[in-house]
1. Given the criterion farther than 23 Å from ALA147 by Cβ and either within 11 Å of the chain's Cα centre (by Cα) or modelled with pLDDT under 95 (or both), identify the matching residue among GLU82, GLU98, GLU36.
2. Restricting attention to the range 14-49, report how many residues are in contact (Cβ under 8 Å) with a residue 24 or more places away in the chain, assigned to a helix (DSSP H, G or I) and out of contact with any helix residue (DSSP H, G or I) (no Cβ under 8 Å at 6 or more places or on another chain).
3. Return the pair list, or none, for Cβ contacts closer than 8 Å from residues in the range 116-137 that are among the aromatic types (Phe, Trp, Tyr) to residues that are at pLDDT below 95 and crowded, with 18+ Cβ neighbours inside 10 Å, at least 6 apart or on different chains.
4. Mind checking which residues of the range 61-72 are at negative phi and either in contact (Cβ under 8 Å) with a residue 40 or more places away in the chain or assigned to a loop (DSSP other than H, G, I, E, B) (or both)?
5. Buried (at least 22 other Cβ atoms within 10 Å of the Cβ), among the hydrophobic types (A, V, I, L, M, F, W, C), in contact with an Asp or Glu (Cβ under 8 Å, 6 or more places away or on another chain) and closer than 21 Å to SER131 by Cβ - does that describe any residue in the range 58-68?
6. Could you please let me know if GLN8 is out of contact with any Phe, Trp or Tyr (no Cβ under 7 Å at 6 or more places or on another chain), more than 20 Å from HIS121 (Cα to Cα), at pLDDT 95 or above and not hydrophobic (A, V, I, L, M, F, W, C)?
7. Pull up the range 73-118, narrow it to residues that are in a helix (DSSP H, G or I) and among the charged types (D, E, K, R), then point me to the one that is surrounded by the most Cβ atoms within 10 Å (Cβ to Cβ).
Amino acid sequence: HYSTPEEQHRLFEAQIELATETSLPLVIHSREADDETAAALAGFDGTVVLHCFSSAGLLPAALERGYYVSFAGNVTYPKAAELRKAAARVPADRILAETDSPYLAPQPLRGRPNEPAHVIHTVAALAEARSEDTDELAAQIDANATAAFGL
């Protein structure tokens, strides 16, 4: 049931084209494909959200291009120090938080199905990594989501 790299690339290009045609945000989950993702997005001028971000290798291109970077519950895991360092580098107006429900429940709830109510744990971990107030970061993330998705 897995697609070949060629098929994935073809479908990715089609998704980019569709986002261009509709002027809708392009939501990307890139895993182990930093260079390929950055190259494919090089000519795209629309809004990009890097969903369930986990790749420090893609961060320089994301920051340079003004992408939104969204973090899920895995940022709360004890072994996710590098991911928290990456979160600290994302500009305040480009950071997002998500649950990736029902997966990646935050550390206090790990092993259980994730749900939207659990995102506060992710926001708290991001705030700690960024040395920011949790409520202020939550408000910033809300504003960012509104801007990113045109809500």
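The values are calculated or read from the model by the stated rules, or taken from the named source; none is laboratory data. Keep in mind the model is a prediction, meaning the values are calculated, not measured. Ideal geometry is used to build each Cβ from the backbone, glycine not excepted, and the neighbour counts take in all protein chains shown.
1. Matching residue, one of GLU82, GLU98, GLU36: GLU36.
2. 2
3. Final answer for the pair search is none.
4. Looking only at the range 61-72, we keep the residues that are at negative phi, and these are 61-65, 67-72.
Once the filter is applied, which keeps residues that are at negative phi and either in contact (Cβ under 8 Å) with a residue 40 or more places away in the chain or assigned to a loop (DSSP other than H, G, I, E, B) (or both), the range 61-72 yields TYR67, TYR68, PHE71, ALA72.
5. No, every residue in the range 58-68 fails to be buried (at least 22 other Cβ atoms within 10 Å of the Cβ), among the hydrophobic types (A, V, I, L, M, F, W, C), in contact with an Asp or Glu (Cβ under 8 Å, 6 or more places away or on another chain) and closer than 21 Å to SER131 by Cβ.
6. no
7. ARG94
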